[in-house]
Each structure stands twice: as structure tokens, then as C-alpha cells.
Amino acid sequence: MSDSDDDIFKKKKPSKKKIEQQSKQQQQQQLQQQQKQLKPELNQPDQQLKHPKSVIYCKICTLPVEFCSFSKAPQECKEWLKTSYKDLYAILYPEDLKLEQEKQGALQQQQQIVQQQILEQPPEKKKKKKVKVTESEMVYIKVKERNRNKFITTLSGLEKHGLDIKEAQKKISKKFGCGSSINEKGAIELQGDLSVELEEWIPKEYPSIKEDMIAIQEK
Amino acid sequence: MFKKLEDLSKPTLLSKTGVKELKQSFNTQYPFFKEIEDEVFPKKANIQSFKLRSEYKVEIVQVDKDYICFTKEDLVIPHLKLVHKFPDLLIKQQVDTGAIKHILSGSDVLAPGLISQGSTLNPAEKGQVVAIYGEGKENAMGIGIMNASSEQIKEDPKGHAIQLLHHLGDSLWQLSFK
């Protein structure tokens with residue numbers, strides 16, 4: 001019995017697959033034909049596309065590329081577009097391309113002059129100062145879930161900047177209206193999830209602590 | 001509506017009945033949805049939902065780490081990325097160039113912006129969810145609810161015509177790029 005059952009299954013399965021394959025092939029052929037038909041008519045905007053349409057998003061402002069001019073830093077977006085999608089750049093900013101070509105022509109002339117000058121004089125290198133945050137300066141904010149919707153935030157690392165912890169504790173509890181205490185390890189414990197507010201408030205209140213020095217750890 | 005999204009709760013798995021209800025409400029609101037149902041909700045997808053603590057009865061739905069839609073009371077409103085993928089899902093309303101700047105910063109669509117030159121007002125009923133397009137722009141930039149029907153707007157173009165719910169660059173939009 002078992003053999004016969006298996007046989008039935010074996011016979012059934014390939015037949016279904018074949019049907020699917022055939023139908024798929026037919027669909028593909030139809031699609032190809034449609035696409036061939038569509039290609040000359042691409043310029044007509046009236047044709048509705050059912051398939052998912054892909055939209056290119058700017059990596060800097062996260063908006064679709066058309067809306068880059070409304071973002072906060074449109075020039076950075078332009079440069080990004082220029083490096084990654086040159087065709088789109090030419091469509092979206094046709095005026096800029098002309099200007100840039102003129103500029104490039106001028107720049108090349110300038111560069112030639114500069115190169116001549118460089119040959120005569122050795123260049124002076126400029127080094128940018130990069131502020132690296134060491135671990136001894138870091139301020140940590142930890143968020144811990146106490147019950148389902150209750151949180152405790154612990155602030156540690158303020159003493160490294162020469163601040164009085166008791167004063168800071170009082171200021172924070174007055175500012176945000178929450179209960180607070182000092183840990184065994186010298187960290188401030190606060191009632192509620194205050195990580196976002198603290199991250200904004202600390203650099204304003206204590207200018208010696210910068211935003212790069214604050215790290216949020218959520219659990 | 002989504003100016004600050006700091007108080008998102010932890011994600012919870014949506015139950016099968018929850019997914020069914022979502023699909024049903026999608027189908028009743030948007031007749032186009034039937035054709036793309038399997039693409040939006042694949043069968044073996046991990047569907048999660050977030051609740052907002054500040055807003056009442058607002059849930060955000062996530063499928064395989066892509067934000068799909070959010071629910072507000074009885075309405076289901078698609079995320080803008082979904083509208084970009086399937087532009088026929090919503091009714092399209094176009095505003096003139098002057099209004100684009102204000103909508104991107106989160107203001108409602110006022111009636112004169114829908115009637116002046118360069119804008120198109122398609123027929124829609126009161127309370128319907130529509131997508132907002134800009135003049136000369138290909139993609140949608142906002143989603144809102146009609147405050148009055150299109151005929152009423154044509155009769156006396158005054159006041160807030162479309163209440164904006166979700167727009168490019170708001171905090172829900174930025175969530176999907178983190």
C-alpha cells in the first residue's frame with residue numbers, strides 16, 4: 001500500500017510543478033511581450049505600473065531624490081548624488097552642470113597655475129585637529145526596565161569632569177520632577193526613562209561635557 | 001502627529017487574527033490592495049506591532065523590519081514607502097509649488113492650495129485617506145485625511161482641506177532609515 005501511495009505522490013508532484021513552470025513561462029513570455037510593447041510607449045505617463053516601483057532615496061537627508069532641495073543641507077545631497085547617480089543629477093540639476101563645467105574649466109586653469117607655483121615652492125601641509133574621546137571622559141546613561149512600563153535611568157561618569165554629584169542630582173530631580181538617589185558606585189539613579197532628555201540637557205548645562213562623550217545603553 | 005517618537009513600546013508579535021483584521025480593513029478601505037496583498041504580507045513574514053504611549057489607539061506595524069502602516073482608531077494608513085512602491089493604492093491630490101515647503105514641515109493642506117494653478121483636485125469623499133503630491137514631483141510627499149469632500153472644497157475654498165497625518169521627514173519616516 002505504502003509503495004502505491006508513494007507512487008501517487010511522486011506522480012502528482014512533478015505534474016503540479018510542471019504546470020506551475022509552464023504557467024510561469026507563459027507569464028514571463030507575456031511580460032516580455034508587454035515590456036517590448038511598453039518600451040516605445042515609456043514616455044507616456046498615463047500607463048499604470050502594478051509592480052513595485054523602486055524609488056531612490058538620498059543617503060544624507062533620507063528623502064526621495066527630488067526633494068533634496070527642501071532638506072537641511074541641500075549642497076551635501078547634491079554632492080552625494082553627483083558621485084552615485086550621475087544620470088539623475090543631470091536631469092534634476094541641468095543648470096548646475098553648465099555652471100560646474102565652466103567652473104571646472106576655470107579650476108583647471110587655476111590648478112595649472114597652482115601646480116607651477118608648487119613646483120617652485122614646497123607645499124605646506126595643514127593638519128586638522130581631531131578630538132578623540134577617551135574612555136576616561138565618557139558619561140554613560142543606562143536605562144533599565146523595572147516593571148512593565150516603569151524605568152530606571154542611571155547616570156554615571158559625571159565625577160570625571162569634576163562635578164559635584166549631589167548638586168547635579170538635585171538639579172536634575174528639580175528640572176525633570178522625578179525622584180533620584182545616589183548609587184553605591186557613585187552613580188545617579190532616576191525614576192523614569194529620561195535618556196533622551198538627559199542627552200539634550202547635559203551639554204547645555206555643563207559645557208565641559210560634549211555630545212560625543214555621552215553614550216546611551218538600553219537594556 | 002508623529003513629531004516625537006520617543007515613547008515607543010517594545011515590539012510585540014501580531015497574532016493571526018490580528019493580521020486577518022488588518023488585511024480586512026485594508027481591503028475595505030483600499031480596493032487596489034487585493035492585487036498586492038501577498039507582496040505586502042508574505043506568508044512566512046515576521047509581523048510585529050509597536051504601541052505609542054502618548055497617542056491613543058495608535059499602532060505601528062512592521063513586516064520583516066520594514067514599516068508598512070499604522071492604525072489610528074478604525075483607519076489603517078499606509079507608510080509612505082509603501083505608497084512609493086504602489087502609487088495606485090491611494091487617491092492622488094496635487095498641490096502647487098508654494099505649498100510643498102510647508103507640507104514637508106508638517107502643516108495641513110489648505111483649500112486654496114488645491115484649487116490654484118498647477119494643482120489637481122480629484123474627487124474624494126469626506127474622511128477618505130489620500131496621498132499628497134507636489135507640482136512637478138513624481139513621488140508622494142504626504143498622507144492625510146480629507147476634512148471635506150472635493151465638491152465642498154470647490155464651492156468655498158477656505159480653511160483646512162486635508163488633515164496631514166504623515167509626511168516626508170517626520171519621525172516615523174526617520175525610523176525606517178535607522
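Inspection of the range B:103-123 finds a residue satisfying the criterion of being within 17 Å of the chain's Cα centre (by Cα), assigned to a helix (DSSP H, G or I) and hydrophobic (A, V, I, L, M, F, W, C).
Working only within the range A:189-219, note down all residues that are surrounded by fewer than 15 Cβ atoms within 10 Å (Cβ to Cβ) and of a type in the set (D, E, K, R). A:GLU200, A:LYS204, A:GLU205, A:LYS210, A:GLU211, A:ASP212, A:GLU218, A:LYS219, listed by residue number.
Output the residues belonging to the range B:143-162 that are farther than 26 Å from B:CYS69 by Cβ and aliphatic (A, V, I, L, M).
We begin by selecting, within the range B:143-162, every residue farther than 26 Å from B:CYS69 by Cβ; these are B:151-159.
Scanning the range B:143-162 gives a single hit, B:ILE153.
In the range B:159-170, the residues that are part of a strand (DSSP E or B) and modelled with pLDDT of 85 or more form Cβ pairs under 7 Å with partners that are surrounded by fewer than 22 Cβ atoms within 10 Å (Cβ to Cβ) and polar (S, T, N, Q), at six or more places apart or across chains, as follows: B:HIS160/B:ASN147; B:ALA161/B:ASN147; B:ILE162/B:ASN147; B:GLN163/B:ASN147; B:LEU164/B:SER107. Residue-level analysis places A:LYS82 among those that are within 28 Å of the chain's Cα centre (by Cα) and either on the phi > 0 side of the Ramachandran plot or modelled with pLDDT of 75 or more (or both).
Of all residues in the range A:56-71, those that are at the interface with chain B (Cβ under 9 Å from one of its Cβ atoms) have Cβ atoms under 9 Å from Cβ atoms of residues that are among the acidic types (Asp, Glu), 6 or more apart or on another chain, in A:CYS61/A:GLU76; A:PRO64/B:GLU138; A:GLU66/B:GLU138. Could we say that B:ILE132 is free of Cβ contacts under 8 Å to residues at least 60 places away in the same chain and in contact with a strand residue (DSSP E or B) (Cβ under 9 Å, 6 or more places away or on another chain) here? When the stated conditions are applied, B:ILE132 passes them. Just one of the listed residues (B:ASP96, B:ASP64) is within 28 Å of B:PRO42 (Cβ to Cβ), without any contact (Cβ under 8 Å) to a residue 60 or more places away in the chain and acidic (Asp, Glu), and it is B:ASP64. Applying the criterion of being touching a helix residue (DSSP H, G or I) at 6+ places or on another chain (Cβ under 8 Å) and either modelled with pLDDT of 85 or more or aliphatic (A, V, I, L, M) (or both) to the residues of the range B:50-66, the residue that is farthest from B:ALA124 (Cα to Cα) is B:VAL63.
The values are calculated or read from the model by the stated rules, or taken from the named source; none is laboratory data. In this text the structure is predicted, and so the values were computed from the model without any measurement. Cβ sites come from the backbone with ideal geometry, for glycine too, and all protein chains shown count toward neighbours.
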